[in-house]
1. May I ask you to sort LYS268, LYS290 by Cβ crowding, counting other Cβ atoms within 10 Å and putting the fewest first?
2. Students often get this wrong, so check it: of LYS267/LYS290; LYS275/LYS335; LYS207/LYS267, which have C-alpha atoms separated by over 26 Å?
3. For a test of the definition: using alpha carbon positions, the gyration tensor, and the 1.5 limit on a/c, classify region 291-332 as rounded, prolate or oblate.
4. First check a/c for region 93-200, with a ≥ b ≥ c the square roots of the eigenvalues of its C-alpha gyration tensor; if it is under 1.5, answer rounded, and if not, answer prolate when a/b is larger than b/c or oblate otherwise.
5. What's the center-to-center distance, using Cα atoms, between region 180-227 and region 365-408 in Å?
6. So what's the back-of-envelope 222 nm ellipticity for the chain, counting only DSSP H runs of four-plus at -39500 (n - 2.57) apiece and dividing by all residues, rounded to 500?
7. Please compute the length gained on full extension between LEU112 and TRP189, using 0.36 nm multiplied by the number of residues separating them and subtracting their Cα-Cα distance.
8. Compute a Gaussian network model of the chain, connecting alpha carbons closer than 10 Å, and tell me which residue from ASP86, ASP141, ASP161 fluctuates the most.
Amino acid sequence: MKRYGMRIGLCCLILLWSGSMALAEVQPLPLTGEDCIKCHFDEVKAIHSQESAHKNEITCLDCHEGHPPEGEAVIPECSNCHDPADNPHFATPDCTNCHQPHAPIVTDFDSLGEAKPVCITCHTDINRQMEEIPSAHSEQDCTACHHQHGLAEGQSDTCTDCHEKHAPELTREDCLRCHRPHQPNRYIWDQEIAPELCGACHGDLVKTFAENGAAHQENLACTDCHQAHPPREENVIPSCAQCHDPGEKAHFAMKNCTGCHNPHEPKKIDFSGVKSVRPVCLSCHPQIGKDMKKHPSAHAKQECNQCHRIHGQHLSCLDCHEGHDDSMQYGDCLKCHRPHYPMPPTFANKVQPKLCGACHETEYTAQKSDTKSKHGKLQCVYCHTSRHKVIRKCRTCHGEPHDAPLHRNFPDCHKCHGNPHHLKK
């Protein structure tokens with residue numbers, strides 16, 4: 001009986017001890033972040049796939065404060081950390097449409113649908129740029145070009161993925177010399193632009209510039225003058241005074257430079273369509289103006305482009321005037337006449353007597369046919385020096401060959417010796 005009672009007591013102790021052990025096993029133990037991976041491997045792997053603040057600055061338990069069965073399966077609000085008052089982007093609804101909380105950096109935009117309203121909450125400067133200078137780009141959604149967040153290769157399209165190249169040799173870097181992706185029509189040069197790149201669109205102008213650009217081609221690139229491009233208005237067509245200071249030269253103070261000069265071929269000047277060109281010409285050629293004023297003639301009353309249709313070129317005298325005889329050439333005209341003051345004739349060079357005879361036929365015939373004196377062997381300009389109607393005195397060559405009384409009584413040599421063109425001894 002005694003032994004039976006001891007057995008009952010021992011059984012009771014065992015039951016009590018077993019119950020206490022069972023109660024101890026159901027007590028929840030504290031969890032750490034390392035425990036999460038035991039059940040949530042995919043989520044932990046996603047967190048460690050990116051170098052984001054979710055990986056580097058917080059733990060699983062900072063967001064998930066409880067776990068069933070003792071706690072609720074807590075899915076926190078993004079606004080718990082990302083206060084909408086701090087950044088307009090944080091006020092965007094439905095964060096998880098773009099961001100996966102365990103890998104919050106957006107890596108694929110192609111499945112987002114319309115993303116522009118969300119993108120511009122962070123990239124306000126880009127939105128402002130597109131509004132300032134609208135283009136076909138500003139009408140598209142961001143995902144049309146940007147397939148991933150960032151600027152690394154492959155994360156966005158290049159220009160030539162959508163646009164044909166202006167020239168086969170153009171690279172993306174060449175595109176960016178002129179175009180900004182979010183303002184493609186702005187055309188701002190912040191680096192050197194080779195004329196060949198401009199020639200992709202402006203081939204005729206660049207070819208003309210290369211062939212006839214004169215000092216412009218030797219010293220300037222296209223962008224030295226054209227500092228902007230339409231639709232911008234300022235500095236697109238520069239003022240000539242930007243380089244040609246009106247204070248340095250009277251010609252630079254003339255108005256309407258492009259009435260005569262094409263900037264891409266500035267020395268190839270066509271005056272044929274210019275109404276009044278003389279004041280401009282004289283600003284560069286003042287001596288010619290002085291000559292015409294000193295020696296008035298029909299030429300002095302005409303506009304310069306009557307003879308000079310193209311700068312540096314001129315008509316021949318024989319284009320307007322008949323020659324003194326059929327054998328005359330333009331060079332013969334210049335032996336007596338100066339184009340800007342044709343009268344009086346001046347003899348800068350030897351003039352063949354035959355040319356003089358074209359106007360002075362009687363004198364020419366008498367000198368060559370009738371006279372037997374040495375005068376017949378002289379050229380007309382030997383006596384008629386420098387200028388038309390100049391006549392040397394006999395004493396210039398002959399002195400006073402007779403006795404003094406004879407010269408006093410007969411001061412006019414012609415009374416005895418006759419006409420110099422038909423001289424009598």
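We did not get these values from a lab; they are worked out from the coordinates using the rules stated. None of the values given here were measured: they were computed from a predicted structure. FYI the Cβ positions are ideal-geometry reconstructions off the backbone, even for glycines, and counts take in every protein chain you see.
1. LYS290, LYS268
2. As for pairs spanning more than 26 Å Cα to Cα, those are LYS275/LYS335.
3. Values: a/c = 2.35, a/b = 1.39, b/c = 1.69.
Verdict is oblate for region 291-332.
4. Details: a/c = 2.68, a/b = 1.96, b/c = 1.37.
Prolate is the answer for region 93-200, as a/c is 1.5 or above and a/b outweighs b/c.
5. So the separation of the two Cα centres works out to 69 Å.
6. So the calculated ellipticity at 222 nm is -8500 deg cm²/dmol.
7. Extending this stretch completely gives an extra 24.2 nm.
8. ASP86
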